[in-house]
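The values are calculated or read from the model by the stated rules, or taken from the named source; none is laboratory data. All of these numbers come straight from a predicted model, not from anything done at the bench. Cβ sites come from the backbone with ideal geometry, for glycine too, and all protein chains shown count toward neighbours. What goes into the accessible areas is simple: the full protein's heavy atoms, side chains included, and nothing from ligands, DNA or RNA. Shrake-Rupley method; radii C 1.70, N 1.55, O 1.52, S 1.80 Å.
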Number of protein chains: 2
Amino acid sequence: MKKLNFLDTGFLLTETRETPMHVGGVSLYTLPEGVNEREFLHGLADNLRNVDEFLSPFGDRLKTGPLGLAGPAYWEPDPALDIDYHIRHSALPKPGRYRELFNLVSRLHGTLLDRNRPLWEIHLIEGLQKRQFAVYSKTHHAAVDGARSIHLARAMLSANPKARMKDSPLSLKLWEDYRATLGREHPADLNDDELRNVADRLKARFDTGVNVYGALKRFTQAWAGRGGPLMLPFLKVPRSSINTSVDGARRFVAQSWPFDRIRTVGKAFDGTFNDAVLAMCAGALRLYLEKHAELPEVSLKAMVPVSVRQEGDIDSSNAVAAISADLATNIEDPGKRFAAIQASVRAGRAFYQNMSPAEVQLFSIALQAPAMLLMPLGLASRLPPYNTVISNVPGIREPMYWNGARLDGSYPASIVTDGIALNITMVSYDQNVDFGIMACRRSVPQVQRLIDYMEQSLVELEDAAGLAKPKVKSKAKRAARKKNTA
Amino acid sequence: MKKLNFLDTGFLLTETRETPMHVGGVSLYTLPEGVNEREFLHGLADNLRNVDEFLSPFGDRLKTGPLGLAGPAYWEPDPALDIDYHIRHSALPKPGRYRELFNLVSRLHGTLLDRNRPLWEIHLIEGLQKRQFAVYSKTHHAAVDGARSIHLARAMLSANPKARMKDSPLSLKLWEDYRATLGREHPADLNDDELRNVADRLKARFDTGVNVYGALKRFTQAWAGRGGPLMLPFLKVPRSSINTSVDGARRFVAQSWPFDRIRTVGKAFDGTFNDAVLAMCAGALRLYLEKHAELPEVSLKAMVPVSVRQEGDIDSSNAVAAISADLATNIEDPGKRFAAIQASVRAGRAFYQNMSPAEVQLFSIALQAPAMLLMPLGLASRLPPYNTVISNVPGIREPMYWNGARLDGSYPASIVTDGIALNITMVSYDQNVDFGIMACRRSVPQVQRLIDYMEQSLVELEDAAGLAKPKVKSKAKRAARKKNTA
């Protein structure tokens, strides 16, 4: 039995009916030529079920003593694991557009996982158009973190369309095979245990065990007052309609944009890909607030993970620190807005250069735990330390296949909490960047409009940079256009 | 704003992730000839949405003060009711058998309703075979009780296949039209407010307001020790595998049997239809426990609602009292088992003849609240006052239509709680009795086998009574046979 660390326990303690603490995503695949959808999906399900020994945490359930989560908690193997409970077949009502898919994913993401069982579900979803199918997965944040999720996705995918897996992606065997192939290719990768141990080290450092929340709070407050004007989120974060209490219902939308198109904007402004992503989101948020709510006079702030090891290395798989980025939503001119965002991100990076490795590690933890960071501050919905979370996760930059089915896109589905009713997470994949937007259904009405505003914002940036409009639009974009006008 | 009474609040207070307190059901319909499934279902959804003023409680959400549910709670109109959240389109994966339907209903019934919104959902489900579609609905027990549910179903259905509704079944207008047509036809019907007021009267009688649970506990204990040997459930209820703690996942199965077939068995043993239903369930439970668990030496007991007004009136729409029926699962001979069950039910009925109307009313309340009855006893999973709940709800005895779609069957989906991991509820409809079986997925494995055992038990009873085997089997039965062997 493995004991849960304080961070994992925190995700369970802070979870409510209104704020489920699971992360996941939806992936789109195209069926290989000539296969029957039903047979192929049942084959995938059979493959997923083919497990001798589960990779942790997929075979483990939560075990607590008489004190419940107030006492020590452990992961223990589930002796009666009911695999059919976890691997599910679902279908979309006709006409099976992305709209119907997003509706289903929104509902699935809004329900709690069963704490009496291993804390994950995988849904194989049929009924999409054009020989596509979807896979929605959710895993409790107490059981898996972002880094591990990406490794898992990599372990189950192959660049070879002819490759077929024998072992389940949930099996220890496949994971070990995958780790063996990694070799020294990614020496900087922290494995799951290493990441989690940071939390325990921090616990030892800041506290004797009674109140880690308090330590985290003190540390966060020190952070807030230390890095110059841009580092004072508590004083300068506006209230906005996306910073209210949330209820349990979610609305999920997703969309892909060509990676090169966004990077070209970044280069045109002498900035990074990440700067361009933030500018694109900032413009979209400005449009959304103008049309559906009220645009605050003070600029919105976003919690943004940044790479601090190698300046400008957009392909790094280690985004180990978080900054509070100024989204400059109070600036109308797209070029000036880009410059303000860029300056804010640079200031954030500079700030980290003065930090000790242990301090940087704390932010690595904090990044895994947006809710944990907010709850002890007791300020969540009244005075949020930032308005939204925008995460840009580096992914796989070549076409990948799952048992011959081409992965067309992979859209993260993250957590929203009281005070932060909107989360934008994106993963680069092949030639695209796949955006997943998760929002509280009540607090952020018509969130699907954000997709249109993203495109509009990107065009504004292209215009401001004097770039010619792209002539070829991506397939995914055309599909979504159709969806949004349907 | 209408204040919640203590019973309604109790359903909210006792609800956990593992024991959601909503009731509902799944109805099967056949599409009218010549219509397109998608268009027809969207038409039904549009009709459901067509509400000027909601019938209570469909437009109301819960409102509590700073004390939460420990303080006073009210129903208040939801000013931003999001009708698309409540009325949902779903689909079954291929091949769209009842098996896929039951899987979906099991999942939907295991998730909690969103307490920030009116506490109901209606799912229109496409993808069934043979031009059938399904409707799954769930409503929190704090918001609606069994009696009201049946009235609602009646209000939306018509015996005329050509009838089309303008107003939504959720609208106050349709409800008032329906009540007007009832006239003096059902003078004994208690309306919702009348039923609920009983709870408040009881509260005034037993307690000044502080501890109604305590009063209910004292009363229940008095009941347990009062009616002779058959009325001592706490002393004579065995432990069994269906009387354990439950987790949040459910397994739902359903099946129809011809009403006349069951009634013929009852008559052959000089008993009622209800006696025959209990004997059929008892035989099935005996088979299930023998093959999948351990058959206790002491007979199982079931909480059973019975009509106490008119002895033998099986068509009464008022089942106003509950008895703890001996299911005689320790008796191998089906005929002797029937006799033992019958004696137990007669003793139960006789017991009520000595009760005051107020006492009978208490059981009417208790019947609505199996969880409420158990929780204050603090005995739920260790020493349950009965092993299962078997409810036989009189329904409509002629073919009914919803906007031209024939209702083929209507299967209740009820509540399981700690200690009572299995609930069998049945509704008579047209020529059939529609059984809905809800079970905890973990505690009652392979619950689908109960359907086969029900048939086997019925055949045993027919054999014991010397009845010839029925030559014509119902369509629904054949379909389910096919399903069970698939």
Exercise. In segment B:1-65, what percent of the accessible surface is made up of carbon and sulfur (1.4 Å probe, ligands and nucleic acids excluded)?
Worked result: 44 percent
Problem set entry | Where segment B:1-147 is the region considered: accessible area per residue in Å², 1.4 Å probe | 37 Å²
Seminar exercise, completed: Once B:L67, A:L157 are ranked on solvent-accessible area with the largest value leading and a 1.4 Å probe, the list reads B:L67, A:L157
Problem set entry | Per-residue HN-Hα couplings for segment B:390-398 [Karplus 6.51, -1.76, 1.60; θ = phi - 60°; Hz; x = Gly/Pro] | 10, 10, 10, 9, x, x, 8, 9, 8
Seminar exercise, completed: Ordered by number, the residues of segment B:439-454 with at least 20 Å² less accessible area in the assembly than alone (1.4 Å probe) are B:R441, B:R442
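Give me the 1.4 Å probe accessible area per residue for segment B:246-297, excluding ligands and nucleic acids, in Å². All intermediate terms of the calculation are to be shown ahead of the outcome.
On the way: 1590 Å² over 52 residues.
Result: 31 Å² of accessible area for each residue.
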Problem set entry | Area hidden from solvent between B and A (accessible, protein heavy atoms only, 1.4 Å, total, Å²) | 2900 Å²
Problem set entry | Distance (nanometres) between label positions extended 7 Å along Cα→Cβ at A:H292 and A:Q431 | 3.0 nm
Problem set entry | Nearest-first distances (nm) between copies at A:D177, label 7 Å from Cα via Cβ | 6.3
For this session: For B:Y178 paired with A:K162, estimate the spin-label separation in nm (one decimal), with each label point 7 Å from Cα along the Cα-to-Cβ line.
Result: 6.4 nm
Exercise. Over all distinct alpha-carbon pairs, what is the Kirkwood Rh of segment A:1-156 in angstrom?
Worked result: 16.8 Å
Seminar exercise, completed: Residues of segment B:239-271 that bury at least 30 Å² of accessible area, probe 1.4 Å, when all protein chains are present rather than the chain alone, are B:D247, B:A249
Problem set entry | Ranking by accessible area, most exposed first, for A:Y401, B:Y386 with a 1.4 Å probe | A:Y401, B:Y386
Seminar exercise, completed: Inter-copy distances for B:K130, nm, shortest first, label points 7 Å along Cα→Cβ, are 3.8
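Taking each residue in B:92-99, count the Cβ atoms of any other chain within 10 Å of its Cβ, then average. What number comes out?
Shielding by partners across B:92-99 averages 4.
Rank-order B:71-82, B:122-133 by packing density, defined as the average count of other C-beta atoms within 10 Å over each peptide's residues, highest first.
Details: B:71-82: 13.9, B:122-133: 19.7.
So the order, starting with the most tightly packed, is B:122-133, B:71-82.
Which of B:K63/B:K173; A:K63/A:K173; A:K94/B:K166; A:K267/A:K301; A:K63/A:K301 have a Cα-Cα distance over 32 Å?
Values: B:K63/B:K173 25 Å; A:K63/A:K173 25 Å; A:K94/B:K166 25 Å; A:K267/A:K301 23 Å; A:K63/A:K301 39 Å.
Violating the 32 Å Cα-Cα cut-off are A:K63/A:K301.
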Problem set entry | Other copies of A:E33: label-to-label distances in nm, shortest first, labels 7 Å along the beta-carbon direction | 4.5
